[in-house]
Amino acid sequence: LHGTWGLGHDLWLSATAQFFSLSINEYDGSLQDYRIGLVWQPKSWAGIGIGYDRFTVDVDVDTSGFDGALDWTYDGPIIFYSVNF
C-alpha cells in the first residue's frame, strides 16, 4: 500500500506499508516494511525529505535435525532525496 498527499507549498506526505509472508513445509517467514515521510519537492523532478522507517524480518525453520529462528528489526529516522525522470 502506498499513498501520497499534497499539503501545499511544495510539501508532500507519503506513507508506505509492505508485507510479504510465505510458508513452505518446515520454513515459515515474513518481511514487513512501514515508512512515513515528509517531502519538500521544489522542482517537479527533485525533492528532499525526512521520515521514519520500520523494517522487520521473521523466519522460522523447524526440521527434524534443526530448529532455528531469525527475528530482526530495525527502525528509526531517515533523511532522503528523490529524483524523478
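The values are calculated or read from the model by the stated rules, or taken from the named source; none is laboratory data. The structure displayed is predicted, hence computed values, not measured ones. A quick note on method: Cβ atoms are made from the backbone with ideal geometry, for glycine too, and the neighbour counts reach across all protein chains shown. Protein only, heavy atoms only, side chains kept; ligands, DNA and RNA dropped before computing areas. Shrake-Rupley method; radii C 1.70, N 1.55, O 1.52, S 1.80 Å.
Volume per residue for region 1-75 equals 87 cubic angstrom (convex hull of Cα atoms). Sequentially through region 6-14, phi angles give Karplus couplings (6.51, -1.76, 1.60; θ = phi - 60°) of x, 10, x, 6, 6, 9, 9, 9, 10 Hz, Gly and Pro residues having no value and appearing as x. The residues of region 2-85 expose on average 76 square angstrom of accessible surface per residue, using a 1.4 Å probe on protein heavy atoms. Placing unit charges on the Cβ atoms of the charged side chains and taking the dipole of the chain about its Cα centre, the candidate lying farthest along the positive direction among F55, G68, L13 is L13.
The accessible surface of the chain, taken with every protein chain in place and a 1.4 Å probe, is 63 percent carbon and sulfur. On the principal axes of its alpha-carbon atoms, region 44-85 has extents of 56, 23, 7 Å, going from largest to smallest.
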